[in-house]
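A.B. asks: Got a structure for you, written out below as C-alpha cells; questions coming shortly.
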Amino acid sequence: MRPSDARIRVDYAHTLDFIDAAAMDAAASRIRAAQDLLASRSGAGADFLGWVDLPVRARQEIAPVLDAAERIRTEADVLIVVGIGGSYLGARAVIEALRSPFAADGPTVVFAGQHIDGGYLRSLMDACADRRVCVNVISKSGTTTEPALAFRVLRQWLEQRYGKREASRRIFATTDAKHGALRRVADEEGYTTFVIPDDVGGRFSVMTPVGLLPIAAAGLDVAAMLDGAIAMRDTAGSTDPDRNPVLRYAMLRDALYRQGKQIEVLASFHPELSFVTEWWKQLFGESEGKDGKGIFPAAVTNTTDLHSMGQYIQDGERRLFETFLFAEESGDDIAVPEAADDTDGLNYLAGSSFAQVNAEALRGTSLAHLDGGVPNATILLPRISAASIGALMYFFETTVALCGYAIGVNPFDQPGVEAYKRNMFALLGKPGNETRRSELLAQLSRSGDAISG
Ligand code: PA5
C-alpha cells in the first residue's frame, strides 16, 4: 500500500460561519467523552466492538479467504453474492469503487437477496445459463427472509444444474459459527464456510469474510484495504482534531446537529463511490437513528445529482448540511480535446483533464451551497485505491460510534428493523403469529386496504 493513501483530510472552512466557538467547544467535549467511552469499552453496546481491532485480526487470518477467492476465480465466470443490509452493502461498495464496470478479467460479481423480486432472480438465472457459477450466501442470523428466499431458489437451480455434490462445492456460506438455519444447512451439505464473529454487527462487517471473500473474488487487493484501515485505526487514536480527521468530522456533525441541521447529505463527486455512499447511509442511519434522535443520512452523486437534487440542496428547507467526498488524485484520466469548429464552445477547456473540470465543479458547488445557507465540509481522499477505501470505511465506522455516543444512543443495535418483519410474517401467515395477524387484518379493514398482490 502507498502509505499516503490512508491520509484522509477534512476541510471544514465552509462550516465555520454556522458554528460559534461555544457550540464547537461543547461538541468537542462531547466527542472527547465519546472517544473515552469507546477506548475504555464502557459505552452502550460494548459487546459489539469487534470491528475496532478487526482489520488487524483479519489481516492475520486472511489466507483461507484468499484460497477460496482463488478457487472462485478459477472455477466461475459469475459469482452470485446473496445477502442484504450489512451482509451486502460493504462488498458491493468496495467492488464498485475499485473494479471497472467494464472489467473483463475474473468473474463478474452480481448480487441477489437484497430485495423480494422474483423477476430479477429469473433474469439472473437466465443470464447465467451458459456461464460457470459460484454462490456466496451471507447471513449472520441465517434467517433473514430476503436472502433465505433467494438462496432457496438458487440452491435448487445449482443442484439441478450441477448435481448436489458439485453444487455444494460451488456454494460458500458466510454465517454464524454455531447458530442459525444457514449454519445447519452448510454443515449438512458440506459447503465451504466462513464465520462472522459474534462481536461484529452487520453494518460493521465489511472487513470480515462478509466483505473480504467477494472483494477478493473480484480480484481486488484485500490486504491493502485492511492495511488502509489499520493506518486509520492508528490515526483515530489521536486526541488532536488537527491530526485526527475522525475527531474533526465527528465534532462538526455533532455541532451542526445541535444547531438544527438534522439532515446530512453525503455528496460524492465520483460515480464509482455511489455504493460507498449507500453503505454509509446504512452505517449512519442504523447506528444513530433511534430513540427519536439522529441525523438523517442522505446521499447524492455529483455532478449527476446537481441536475436533480441540486435544486433542493441549494434552495429548499435549510435543515441540512453537506459532506463532499472527493479524491484529490485521479487514476486514468483523459484531457479535453481541441475541436477545429468549436461549435460546443468548449475549446477554452482544451488540454484540461476531466479531473480538473471535476475539481472546479466541486469548488463551484461548495461555494454556491454555502451562499444558499448550507454548511459544507469536504472529505478529501488522496485517491481511490484499496487502501484509501479501507481507511475511509474505518474512518466512517469510528465517526459513527463517537457521534452515536455523543447523542446518547447505542450505536451498535438496530431494534427498529424488527417492526416490519413482525408484521410481514404475521400477514404471510407464519405459524406463531396468529394474534398479530388478526390485529393487522382488522386494522387494514378499518383503514381500507389498497394493496393487491
Ligand atoms: O446491520 C445489520 O445488522 C443488518 O443490516 C443486517 O446486516 C441485515 O439485516 C442482514 O442480516 P443477516 O446477516 O442476519 O442476514
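A.B. asks: Percent of accessible area on the chain owned by carbon and sulfur, 1.4 Å probe?
C.D. replies: After summing per-atom areas, the C and S share lands at 52 percent.
A.B. asks: Right, here's the next one. For the chain, give the share of DSSP beta bridges that are antiparallel, in percent and rounded to the nearest 5; count only bridges with both residues there. Could the numbers behind the result be given before it?
C.D. replies: Numbers: 5 of 43 bridges.
Of those bridges, close to 10 percent are antiparallel.
A.B. asks: Another question, if that's okay. Along the principal axes of its C-alpha atoms, what lengths does segment 151-250 span, in descending order and rounded to whole Å?
C.D. replies: 59, 29, 18
A.B. asks: Another question, then. Tell me, what HN-Hα J-couplings in whole Hz come from the Karplus equation 6.51 cos²θ - 1.76 cosθ + 1.60 at θ = phi - 60° for each residue of segment 260-268, using x for Gly and Pro?
C.D. replies: Calculated HN-Hα couplings, in order: x, 8, 8, 10, 10, 9, 8, 10, 7 Hz.
A.B. asks: If each DSSP helix of 4+ residues adds -39,500 (n - 2.57) and the sum is divided by the residues in the chain, what number results at 222 nm, nearest 500 deg cm²/dmol? Don't skip to the answer; put the middle values down first.
C.D. replies: Numbers: 17 runs with 220 residues, N = 453.
Estimated from H runs of four or more residues: -15500 deg cm²/dmol.
A.B. asks: Hey, with R₀ at 30 Å, roughly what FRET efficiency would Ser4 and Val56 work out to, going by the Cβ-Cβ distance, to 0.05?
C.D. replies: Between Ser4 and Val56 the formula returns 0.90.
A.B. asks: Using a cut-off of 17 Å between alpha-carbon atoms, which lysines can reach Lys430, once sequence neighbours fewer than 8 places away in the same chain are excluded?
C.D. replies: The reachable lysines, counting only those whose Cα sits under 17 Å from Lys430, are Lys421.
A.B. asks: Another question about this same structure. Hey, how many Å between the Cα centroid of segment 85-129 and the Cα centroid of segment 208-280?
C.D. replies: The distance from the Cα centre of segment 85-129 to that of segment 208-280 comes to 23 Å.
A.B. asks: Round to the nearest 0.05 the FRET efficiency obtained for Asp126 and Arg169 when R0 = 22 Å and r is the Cβ-Cβ distance. Can you show the working numbers first?
C.D. replies: Numbers: r = 23 Å, r/R0 = 1.05.
Approximately 0.40, to the nearest 0.05.
A.B. asks: Beta carbons within 10 angstrom, averaged per residue: use that to sort the peptides 389-402, 191-204, 246-259, 160-173, highest first.
C.D. replies: Answer by packing, highest mean first, reads 389-402, 246-259, 191-204, 160-173.
A.B. asks: I've got another one for you. Placing +1 at every Lys and Arg Cβ and -1 at every Asp and Glu Cβ, with all other atoms neutral, what dipole size does the chain have around its Cα centre, in debye to the nearest 20?
C.D. replies: Roughly 1800 debye, rounded to the nearest 20.
A.B. asks: Further question: Can you give me the distance in nm between label points at Ala23 and Leu367, each placed 7 Å from the Cα along the Cα-to-Cβ direction?
C.D. replies: Inter-label distance under the simple model: 2.4 nm.
A.B. asks: So for the chain, averaging the separation of alpha carbon pairs under 8 Å that are six or more residues apart and normalising by length, what relative contact order in percent results?
C.D. replies: Working: 761 pairs, mean separation 110.1, N = 453.
For the chain, the relative contact order is 24 percent.
A.B. asks: On to the next question. Report Rg (one decimal) and Dmax (nearest whole number) for the chain, counting Cα atoms only, units Å.
C.D. replies: 23.3, 76
A.B. asks: In debye, nearest 20, what is the charge dipole magnitude of segment 269-333 about its Cα centre with +1 on Lys and Arg Cβ and -1 on Asp and Glu Cβ, if you could check?
C.D. replies: Magnitude of the dipole: close to 500 debye.
A.B. asks: If you don't mind, another one. Using all alpha carbons of segment 54-221, what is the percent of pairwise distances in each 10 Å bin, ordered from the shortest bin to the longest?
C.D. replies: With 10 Å bins starting at 0, P(r) equals 11, 44, 38, 7, 0.
A.B. asks: Using the Cα centre of the chain as origin and beta-carbon charges of +1 (Lys, Arg) and -1 (Asp, Glu), tell me which of Ala255, Ala23, Ile295 is placed farthest towards the positive end of the dipole.
C.D. replies: After comparing all options, I get Ile295.
A.B. asks: Asp332 versus Gln262, label points 7 Å from Cα toward the beta carbon: distance in nm?
C.D. replies: 4.5
A.B. asks: So, in Å, what gap is there between the alpha-carbon centers of segment 281-338 and segment 407-436?
C.D. replies: About 30 Å separates the Cα centre of segment 281-338 from the one of segment 407-436.
A.B. asks: While we're here: Sort 275-284, 335-344 for me by packing, meaning the mean count of neighbouring Cβ atoms within 10 Å per residue, highest on top.
C.D. replies: Ranking the peptides 275-284, 335-344 by packing returns 275-284, 335-344.
A.B. asks: Using +1 at the C-beta of Lys and Arg and -1 at the C-beta of Asp and Glu, which of Gly404, Asn347, Leu441 has the Cα lying farthest in the positive direction of the dipole of the chain?
C.D. replies: Leu441
A.B. asks: Tell me, what ³J(HN,Hα) does each residue in segment 432-440 have, in order and in whole Hz, if you take phi through Karplus 6.51 cos²θ - 1.76 cosθ + 1.60 with θ = phi - 60° and put x for Gly and Pro?
C.D. replies: x, 10, 5, 5, 4, 4, 4, 4, 5
A.B. asks: Based only on the alpha carbon positions, what is the Kirkwood hydrodynamic radius of segment 269-388, in angstrom? Show your work: numbers first, answer last.
C.D. replies: Numbers: mean 1/r = 0.0612 Å⁻¹.
So the Kirkwood estimate lands at 16.3 Å.
A.B. asks: Given a 1.4 Å probe, how much area per residue of the chain is accessible, in Å²?
C.D. replies: Here the residues of the chain average 45 Å² of exposed surface.
A.B. asks: Across segment 271-282, in residue order, what do the Karplus-derived ³J(HN,Hα) couplings come to in whole Hz, using 6.51 cos²θ - 1.76 cosθ + 1.60 with θ = phi - 60° and x for Gly and Pro?
C.D. replies: My calculation for segment 271-282 gives x, 5, 9, 4, 7, 5, 6, 5, 4, 4, 4, 5 Hz in order.
A.B. asks: Go ahead and run the numbers for FRET between Asp291 and Thr143, Cβ-Cβ distance against an R0 of 22 Å, rounding to 0.05.
C.D. replies: 0.25
A.B. asks: For Lys178, which lysines qualify as cross-link partners when the Cα separation must be under 21 Å and same-chain residues fewer than eight apart are set aside?
C.D. replies: Within the straight-line cut-off, Lys178 pairs with Lys140.
A.B. asks: So, one more: Please work out how much length the chain gains when fully extended from Ser438 to Ile116, using 0.36 nm per residue of separation minus the C-alpha to C-alpha distance, in nm with one decimal. Provide the component values of the computation, followed by the final result.
C.D. replies: Numbers: separation 322, 0.36 × 322 = 115.92 nm, distance 2.42 nm.
The Ser438-Ile116 span can extend by a further 113.5 nm.
A.B. asks: Give me, ordered by chain and number, the residues 5 or more places off Phe111 or on other chains with an amide H under 5 Å from its own placed amide H.
C.D. replies: So Phe111 has HN proximity to Val81.
A.B. asks: What is the packing order of peptides 346-358, 4-16, taking the mean over residues of other C-beta atoms within 10 Å and listing the highest first?
C.D. replies: The most tightly packed comes first, giving 4-16, 346-358.
A.B. asks: To continue, here is another question. Considering the dipole of the chain built from charges on the beta carbon (Lys and Arg +1, Asp and Glu -1) around the Cα centre, which of Tyr312, Tyr191, His14 is farthest to its positive end?
C.D. replies: Among Tyr312, Tyr191, His14, the one farthest towards the positive end of the dipole of the chain is Tyr191.
The values are calculated or read from the model by the stated rules, or taken from the named source; none is laboratory data. What you are looking at is a predicted structure, and each value in this text was computed from that prediction instead of being measured. FYI the Cβ positions are ideal-geometry reconstructions off the backbone, even for glycines, and counts take in every protein chain you see. Keep in mind that these areas ignore ligands, DNA and RNA; they rest on the heavy atoms of the full protein, side chains included. Shrake-Rupley method; radii C 1.70, N 1.55, O 1.52, S 1.80 Å.
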